[in-house]
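The values are calculated or read from the model by the stated rules, or taken from the named source; none is laboratory data. Bear in mind the structure is a predicted one, so any value in this text is a computation, not a measurement. Here the Cβ positions follow ideal geometry from the backbone for every residue, glycine too, while neighbour counts run over all protein chains shown.
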Amino acid sequence: MTMLEVYERLGEHHEDAEALLVVLTHEQRERGRLRVYTHDGIELRIFVDRGQPLRVGETLRSVCGQHIRIEGAPEPVVRAFCNDWELFSRACYHLGNRHVKVQLGHTHENGRCRPWLRLLPDHVLEAMLEQLGLTLVNEEAVFVPEGGAWGHGQQHHHHHH
């Protein structure tokens, strides 16, 4: 069986129709060292700088020159939303105060913009959000949290549902 070693990142805007596809969860994308398999069953050993998560849509290059495209795996998440921007801002403040990773987005319904946030399941945080007045929905989705105010590689993927 083939095994590829990967050390090089090419970025998010490097299109290659021949690239191998690897689907990773949020936790896997956070790691700098991991062993995974492509859709074709090829083993990858990824060694990239720690502290700079792999990004959905990013292309890597193996030692032998093969391109590998990173995709996000759907995983259990909680989506919280409301129609009140002040309430939504308050919820974001409380989550940020606890250093919780969140993904932000919005939908358009009946001519109104409805903000939402996603977080990984946590019963304590879910209870807090419900107590604040947000509506929660458990779903499967690719989790792409904000990169942080001073971090590189922030992703602004706003999914419209």
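Worth a mention:
- Meets criteria (assigned by TED's automatic domain parsing to the domain that holds residue 136 and at pLDDT 95 or above) for residue 94: yes
- Considering 67, 14, 26, 39, the condition of being touching a residue at least 12 places away in the same chain (Cβ under 8 Å) and in contact with a Phe, Trp or Tyr (Cβ under 8 Å, 6 or more places away or on another chain) is satisfied by 26 alone.
- All positions within the stretch 1-55 that are of a type in the set (S, T, N, Q) and at pLDDT 90 or above: 25, 28, 38
- One residue alone among 71, 86, 27, 8 is among the acidic types (Asp, Glu), under 20 Å from residue 129 (Cα atoms) and outside any loop (DSSP other than H, G, I, E, B), and that residue is 86.
- Among the candidates 59, 107, residue that is touching a Cys at 6+ places or on another chain (Cβ under 8 Å) and polar (S, T, N, Q): 107
- Residue check, residue 5 in contact (Cβ under 8 Å) with a residue 40 or more places away in the chain, out of contact with any Pro (no Cβ under 6 Å at 6 or more places or on another chain) and loosely packed, with under 15 Cβ neighbours inside 10 Å: yes
- Per-region count, the stretch 93-114, residues surrounded by 16 or more Cβ atoms within 10 Å (Cβ to Cβ), not aliphatic (A, V, I, L, M) and not in a loop (DSSP other than H, G, I, E, B): 4
- Residues (surrounded by fewer than 15 Cβ atoms within 10 Å (Cβ to Cβ) and on the phi < 0 side of the Ramachandran plot) located in the stretch 48-74: 49, 50, 52, 63, 64, 71, 74
- Any hit, the stretch 98-105, residues being without any contact (Cβ under 8 Å) to a residue 40 or more places away in the chain and more than 19 Å from residue 25 (Cα to Cα): yes
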